[in-house]
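A.B. asks: The following block contains the structure, expressed as structure tokens.
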Amino acid sequence: MNVRIAPSILNSDFADLRGELAKISTADYAHVDVMDNHFVPNLSIGLPVVQRILRTSPVPVDAHLMIEDPDRWAPAYAEAGCASVTVHAEAATAPVRLARELRSIGARAGLALRPASPVEPYLDLLEEFDMILVMTVEPGFGGQSFIDGTLAKITR
């Protein structure tokens, strides 16, 4: 297992994203949280802003899609040039099919799980994904306290 560092830009100064991205130029990825105010109760950035980030980021972009209907929208993030695209198991209709599609476009495929979602249904499918993101907070807002109960899921 390789450790990769992917700082989130969620709490960045969005008026100076180029400068904020420069601060993490030695990271492996820039983690970009995409929220639609449907799957999660918050709205952040969407594909047009991610496309602009892709043009200016000194590091590859890891797009974490906290959105409804990722089966429809995730391929566009891969086509735009995101190095990895992570979708929520709770939102994807066909996560394995979607992961294969993302990989065929050239992106790494990630699967995210909310803190209360069980990991067991996905254990036999791990080879279909390049990354599993076990959320240690409820998706949708930064600055939350770590949920200790997620450690057992991470171990599994």
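A.B. asks: Identify all residues within region 82-97 that are within 17 Å of N37 (Cα to Cα) and in contact with a Gly (Cβ under 9 Å, 6 or more places away or on another chain); write none if there are none.
C.D. replies: V87 - this is the single residue of region 82-97 that is within 17 Å of N37 (Cα to Cα) and in contact with a Gly (Cβ under 9 Å, 6 or more places away or on another chain).
A.B. asks: What are the residue pairs meeting all of these: first residue in region 137-156, first residue basic (K, R), second residue open to solvent by less than 80 Å² (accessible area, probe 1.4 Å), Cβ atoms under 8 Å, and 6 or more apart or on different chains?
C.D. replies: K153/L113; K153/P115; K153/P118; K153/V119; K153/V134; R156/V119; R156/L123
A.B. asks: Can you find even one residue in region 32-41 that is open to solvent by 10 Å² or more (accessible area, probe 1.4 Å), among the aromatic types (F, W, Y), assigned to a loop (DSSP other than H, G, I, E, B) and touching a residue at least 60 places away in the same chain (Cβ under 8 Å)?
C.D. replies: yes
A.B. asks: On the given criteria, is D148 open to solvent by 10 Å² or more (accessible area, probe 1.4 Å) and either small (G, A, S) or on the phi < 0 side of the Ramachandran plot (or both)? Don't jump to the end; show me each part of the working.
C.D. replies: Details: open to solvent by 10 Å² or more (accessible area, probe 1.4 Å): yes; either small (G, A, S) or on the phi < 0 side of the Ramachandran plot (or both): yes.
Yes; evaluated as a whole, the condition is true for this residue.
A.B. asks: For residues in region 105-147 being within 15 Å of A92 (Cα to Cα) and among the aromatic types (F, W, Y), which is modelled with the highest pLDDT?
C.D. replies: The residue in question is F129.
A.B. asks: Kindly indicate the residue of region 66-80 that is open to solvent by 30 Å² or more (accessible area, probe 1.4 Å) and part of a loop (DSSP other than H, G, I, E, B) and also nearest to D16 (Cα to Cα) among those meeting that condition.
C.D. replies: So the residue we want is E68.
A.B. asks: Let me ask something else. Name the residue that is least open to solvent (accessible area, probe 1.4 Å), counting only residues in region 2-22 that are outside any loop (DSSP other than H, G, I, E, B) and closer than 13 Å to T56 by Cβ.
C.D. replies: Ranking the candidates gives L21 first.
A.B. asks: Hey, another quick one. Go through region 81-116 and give me each residue that's within 19 Å of T155 (Cβ to Cβ), in contact with a strand residue (DSSP E or B) (Cβ under 9 Å, 6 or more places away or on another chain) and open to solvent by 20 Å² or more (accessible area, probe 1.4 Å).
C.D. replies: Passing the criteria: R114, P115.
A.B. asks: Are any of the residues in region 55-65 farther than 19 Å from S8 by Cβ and surrounded by fewer than 19 Cβ atoms within 10 Å (Cβ to Cβ)?
C.D. replies: yes
A.B. asks: Of all residues in region 116-156, which are aliphatic (A, V, I, L, M) and assigned to a helix (DSSP H, G or I)?
C.D. replies: Scanning region 116-156 gives L123, L125, L126, L151, A152, I154.
A.B. asks: Criterion first (open to solvent by 20 Å² or more (accessible area, probe 1.4 Å), among the basic types (K, R) and over 30 Å from G19 (Cβ atoms)) does R52 satisfy it?
C.D. replies: No; evaluated as a whole, the condition is false for this residue.
The values are calculated or read from the model by the stated rules, or taken from the named source; none is laboratory data. Here the structure is a predicted model, which is why all the values come from computation and not from measurement. Cβ: placed from backbone, ideal geometry, glycine included. Neighbour counts: every protein chain shown. Heavy atoms of the whole protein, side chains included, go into the accessibility calculation; ligands, DNA and RNA do not. Shrake-Rupley method; radii C 1.70, N 1.55, O 1.52, S 1.80 Å.
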